[in-house]
Amino acid sequence: MAAGPLTIVVMGVSGSGKSTVGRAVADRLGWRYVEGDDLHPPANVEKMRSGQPLTDDDRWPWLDWVADAIREQDVDTVFTCSALKRSYRDRLRNSNPGVRFAFLAVAEDVLRERLEQRAGHYMPPSLLASQLQALEPLEPDEPGLTVTGSGDPNQAAERIGDVLA
């Protein structure tokens, strides 16, 4: 068991339900909630808004900000962060030994439909392919679990809370 606060990072590609499920996990557990997208620098947001995928060089500063925010937590917290690659998750996990990941697995056709119906978000559906290409699902030796992000978000939140909290 971790010595300090626990952190659950709800992860996955855009449209997987990270924000919805993350809020539901935080509400269910009575934990703080932090939206990782809010920590993106304006240049990253503009790049994505214009339809350009982020590179590792674009993501590293953002991941460092997320890691710093995790490190600064003094209470159990749920974060959302795409955390697409193992190296990204390693960077987040190095910030706090209490970090656990909840990967929301969703079929590509469901993701595409969600992104096409979503309004008011800077991430266009055209970037889904680049996220799926970069995605490295959780490996067995990583702390966390994989849940479906296709069904009821409350069921996903319940499973995440039961296993990771």
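The table below lists the values:
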read-out: Tally of residues being under 25 Å from Ser150 (Cα atoms), of a type in the set (Lys, Arg) and either free of Cβ contacts under 8 Å to residues at least 24 places away in the same chain or not in a strand (DSSP E or B) (or both) across the range 80-107; value: 3
read-out: Enumeration of residues in the range 137-156 that are surrounded by fewer than 13 Cβ atoms within 10 Å (Cβ to Cβ) and of a type in the set (Val, Ile, Thr); value: none
read-out: Qualifying position, being farther than 23 Å from Asp56 by Cβ and at pLDDT 85 or above, among Asp90, Asp141, Asp109; value: Asp109
read-out: Exclusive hit being farther than 17 Å from Leu92 by Cα, assigned to a loop (DSSP other than H, G, I, E, B) and touching a residue at least 12 places away in the same chain (Cβ under 8 Å), set Gly15, Gly4; value: Gly15
read-out: Residues satisfying the stated conditions in the range 1-44, i.e. at pLDDT below 95 and over 18 Å from Phe103 (Cβ atoms); value: Met1, Ala2, Ala3, Gly4, Pro5, Asp38, Leu39, His40, Pro41, Pro42, Ala43, Asn44
read-out: Pairs with Cβ under 6 Å, 6+ apart, first in the range 55-68 and under 10 Å from Leu92 (Cα atoms), second part of a helix (DSSP H, G or I) and modelled with pLDDT under 90; value: Trp65/Leu39; Val66/Gly36; Val66/Leu39
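The values are calculated or read from the model by the stated rules, or taken from the named source; none is laboratory data. Predicted model, so just to flag it, every value in this text is computed and none were measured. Please note: Cβ atoms are built from the backbone with ideal geometry, for glycine as well, and neighbour counts cover all protein chains shown.
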